[in-house]
Amino acid sequence: MQDHGRPADGRAGASDFAGVLILAGCAAWALIAAMGRPARPEGVLLAVLAVAAGYACGRIAGSLLPFAATATAGLAGFGLACASPYGLTGHEGAGAGQLTLATGAVCCAAWAAPRALRPALWLPAAAIT
């Protein structure tokens, strides 16, 4: 399987570099905006760290098991949305966001899967939707 985010020679691609610059800019802006005020930028910095960690885990899992990792993540997200103490109707915005991410993960798994397995992954994506 070819990793679509990296050039063939193994160097980091432009999207990786742009992502690092955007995350660094977000972290720097949180610190700049908090200077000279009683503000607390920890929440924004933790969000930036969570996005960076999620991106790194996604890149690692995606390179090792391209469609198995994303299919598992999508189905786990759907399971967590269903097992929420509020059910699927408690917090509509959060539930809709989680179901959208789960659908996207399953669709990414279908894109990375061999052609014969794609319809089997489109069905859970349609069911989640």
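With every protein chain kept in place and ligands, DNA and RNA left out, what is the accessible area per residue of the chain? Probe 1.4 Å, answer in Å². List each step's numbers first, then the result.
Details: 8810 Å² over 129 residues.
Accessible area per residue, the chain: 68 Å².
Quickly rank 54-63, 94-103 as a protection proxy: mean count of other C-beta atoms within 10 Å, highest first. Write down the numbers at each step before the final one.
Details: 54-63: 13.7, 94-103: 16.2.
Result, highest mean Cβ count within 10 Å first: 94-103, 54-63.
How far apart, in nanometres, would the label points at A126 and A53 be if each is projected 7 angstrom from Cα along the Cα-to-Cβ direction?
With each label placed 7 Å out from Cα toward Cβ, I get 3.7 nm.
If you compute volume of the Cα convex hull per residue in Å³ for the structure shown, which of (i) 199; (ii) 122; (iii) 177 do you land on?
Computed from these coordinates, volume of the Cα convex hull per residue in Å³ corresponds to label (ii).
If I model a spin label at A18 and A68 as a point 7 Å from the Cα along the Cα→Cβ vector, what separation in nanometres do I get?
3.2
Run the numbers on the chain and let me know its relative contact order in percent, using alpha-carbon pairs under 8 Å that are six or more apart.
Numbers: 95 pairs, mean separation 23.8, N = 129.
It comes to 18 percent, rounded to a whole number.
For the chain, with a Gaussian network of springs between Cα atoms less than 10 Å apart, report the residue from P119, P85, P66 with the top mean-square fluctuation.
With Cα springs under 10 Å in the chain, the top fluctuation among P119, P85, P66 is at P85.
The values are calculated or read from the model by the stated rules, or taken from the named source; none is laboratory data. All values derive from a computational prediction rather than experimental measurement. Neighbour counts run over all protein chains shown; Cβ positions are idealised from the backbone, glycine included. Please note that ligands, DNA and RNA were not included when accessible areas were found on the heavy atoms of the full protein model with its side chains. Shrake-Rupley method; radii C 1.70, N 1.55, O 1.52, S 1.80 Å.
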